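K.L.:
The structure follows.
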Amino acid sequence: MQIEIDPILFFIAIVVVIGIFVARAAEHRKFPRTLPLILTGIALGVINSLFATPLFNLEEMGIPLEIVATLALAAVLFREGLHLNIDELKKSIKPVILLASLGTLLTTFLIGALGQFAFELTLILALLFGSIFSPTDPAATFALFEGGGTKIKKNLETTLGGESAFNDAVGIVIVTRIFLPAAKTNQFQFNVLLIIWTLIGGIIIGLACGWLGNVLIERVRRKLEISLITISAALLAFSLAELSGASSAIAALIAGITLGSPHIIKKQPFPKEGTLEIWENISFLGEIIAFILIGAFFNPLEAIAFVPLALLMTAIILVSRPIAVLISTLGTKLSLGETLFVGWTGMRGLATAALVAISFEELHISNPANATALVNASMLVLLFTSAIQGLTIPFIASETGVVVEVDELEEITAKQIATAAVILRLHEALENREIGRTTYTRLSTPYQDEYRILSEKKKALDAEQRNRIKALKIELEAYRNACERLYDALEDCEIGDRSCEDLVKLYERKIQDVEAELLRLMEGTAEGPSILKRLFGGIRKTLNRKKVSEEKTDLEKIEGIVEDVGELKDLGEIEAIDTDDVDNKDLNNS
């Protein structure tokens, strides 16, 4: 029997594989993945149209773009809710609330007013356009800093993350319940009760599903079961909200917050490590599929006529957001530099793309001309803003003073210390027969894997730092030689006093800069000569509490172990241990 492959599944599989490589390449180059993923979708659509018989026909496949985009957005919001640290959020609650409410409304009306003035659009269409571009996507901003050893201030991370989570939900309600229905009928018809239920209903459903998820989690303990319960809670919140006419975005967000911070409903916390990883993958998958599908539906030939409109609207959006942020954050603790950074980094992402898809699906029947104009202009603006902000945000961050200098080597060392301390305690519990081998293996294996990864990263950074020091020393020697050669040339009357003095000053400044960099690097790599012996001696003492046999030890999986945290504090310093030169035979003999 011949099995017929479903073309939709085949198409999605191709999209996911291509999207993963494109997204990872963008992150590696510290660029938001929104732009390359949409461009990938556009490229797939163009390539497909070149064939006499297209490889895939999205219209015939019947892929519901609106549903795909909405589901992906709900997954992202649920993940953001899980990630939100309520205790940290409380410290920045005032700017978060102001930005998510007043800031979203101000951005909507500023973009709408300026758009109507510049292009003589109808007020309703201008406000719809403004509301589509009011939600922000902090993940696109944070991707520019991750992996490069650069971080922004913690309060700004919390502010941007909290604002995005709530203004995405608010923006969706504004679009779907106010401006989109008005655009379909060309007149405002406010259904106050429906708007209230959309907001309140989403909150109630989210709280109920989050509470139910916590109740079920209390009855299980395995990470996989916990992750499956969170997925079920998210799907339940989304589906119940859709069925009841409430906001599925708000329901997903509140359910995520309730599960991520169970203490707010007086429930016990649960281990979230595996769950967060799964939801990172789910939301990542959703973004890939949604962005590439939206790009594939986009026709670049039709959009050429809208380029002037999109360029001016891009300028209006990039001006409106900082103004709205500046007004909204008056009276908060944000400094001027932090306010400017928040205003400029309001990158648009999945929420905007989803709202474009929803608006197109709703408008193309009742008003196809407006639907075509809206989708083409919106997609171009999304591409333009992503490119401009993606290229300028690192510079803006540096100029506004929001970057926090982080020693990556120190961070890795700290993680090594904590990880190795966990491994040592688990090993002691095994030797003392507090836990069995199965439990020990299950608990310690992730930490052993993590320690190996950290060790590899540290070795790479150490090698990079040593090479950097070596290069700086050579550079310093070259500059000093240049100064000596200039003085020799002056004595031999080959050059004049003025030329010699100017060049020597130039090279002396370079020498000072190199010496300062060398001093910083060499201080960071300085190690006490007796630390390794002292700590390894402590390990031997600890392991001597019980004889370690080959049958009962997994030490071959552990590249480094540190001494008990209390004993290390007594030493007054905590250092990582490199046991590359120590084999198991020595440990057994000890």
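Read-outs throughout are calculated quantities, based only on the coordinates presented, and are distinct from any laboratory measurement. Computed from a prediction, not measured in an experiment: that's the story for all the values here. Positions of Cβ are backbone-derived with ideal geometry, glycine not excepted, and every protein chain shown enters the neighbour counts.
K.L.:
Length gain on complete extension for the stretch Leu311 to Asp462, per 0.36 nm per residue less the alpha carbon to alpha carbon distance?
P.N.:
49.7 nm is the gain from fully extending Leu311 to Asp462.
K.L.:
Net charge within 13 Å of Met313 by Cβ-Cβ distance, Lys/Arg positive one each and Asp/Glu negative one each, not counting Met313 itself?
P.N.:
+2
K.L.:
Work out how much length Leu521 to Leu276 would gain on full extension: take 0.36 nm times their residue separation and subtract the Cα-Cα distance, in nm to one decimal. Working shown, then result.
P.N.:
Details: separation 245, 0.36 × 245 = 88.20 nm, distance 3.53 nm.
Length gained between Leu521 and Leu276: 84.7 nm.
K.L.:
Working out 0.36 nm times the residue gap between Ile388 and Lys90, then minus their Cα-Cα distance, what length gain in nm do you get to one decimal?
P.N.:
Length gained, Ile388 through Lys90: 104.1 nm.
K.L.:
For a quick protection proxy, order the peptides 93-104, 473-484 by their average other-Cβ count within 10 Å, most packed first.
P.N.:
Going by the mean number of other Cβ atoms within 10 Å, highest first, we get 93-104, 473-484.
K.L.:
Indicate the gyration tensor shape class of the stretch 192-275 (rounded, prolate or oblate), computed on the Cα atoms with a ≥ b ≥ c the square roots of the eigenvalues: a/c under 1.5 is rounded; otherwise a/b larger than b/c is prolate and the rest oblate.
P.N.:
Prolate is the answer for the stretch 192-275, as a/c is 1.5 or above and a/b outweighs b/c.
K.L.:
Sticking with this one: Rounded to whole Å, give me the distance from the Cα center of the stretch 74-122 to that of the stretch 170-217.
P.N.:
Here the two parts' Cα centres lie 16 Å apart.
K.L.:
Shifting gears a bit: Sort the following peptides by mean Cβ neighbour count (other Cβ atoms within 10 Å, averaged over residues), highest first: 123-132, 27-36.
P.N.:
Ranking the peptides 123-132, 27-36 by packing returns 123-132, 27-36.
K.L.:
Describe numerically, in nm with one decimal, the distance between label points set 7 Å from Cα along Cα→Cβ at Leu503 and at Ala25.
P.N.:
4.6
K.L.:
Here is a follow-up. At Lys473 and Glu399, where each label point lies 7 Å from the Cα along Cα→Cβ, what is the point-to-point distance in nanometres?
P.N.:
For Lys473 paired with Glu399, the spin-label model returns 3.9 nm.
K.L.:
Right, here's the next one. Which net charge results for the neighbourhood of Val76, defined as the other residues with beta-carbon distances under 12 angstrom from its beta-carbon, given Lys and Arg at +1 and Asp and Glu at -1? Mind dumping the intermediate values first?
P.N.:
On the way: positive: Arg79; negative: Glu80, Asp137, Asp168, Glu280, Glu287.
Taking every other residue near Val76 into account, the sum is -4.
K.L.:
If I take R0 = 22 Å and measure r between the Cβ atoms of Lys266 and Val220 in this structure, what FRET efficiency does the formula 1/(1 + (r/R0)^6) give, to the nearest 0.05?
P.N.:
On the way: r = 19 Å, r/R0 = 0.87.
About 0.70, to the nearest 0.05.
K.L.:
Can you tell me which of 380-386, 504-510 comes out highest on packing, and rank the rest after it, using the mean Cβ neighbours within 10 Å?
P.N.:
380-386, 504-510
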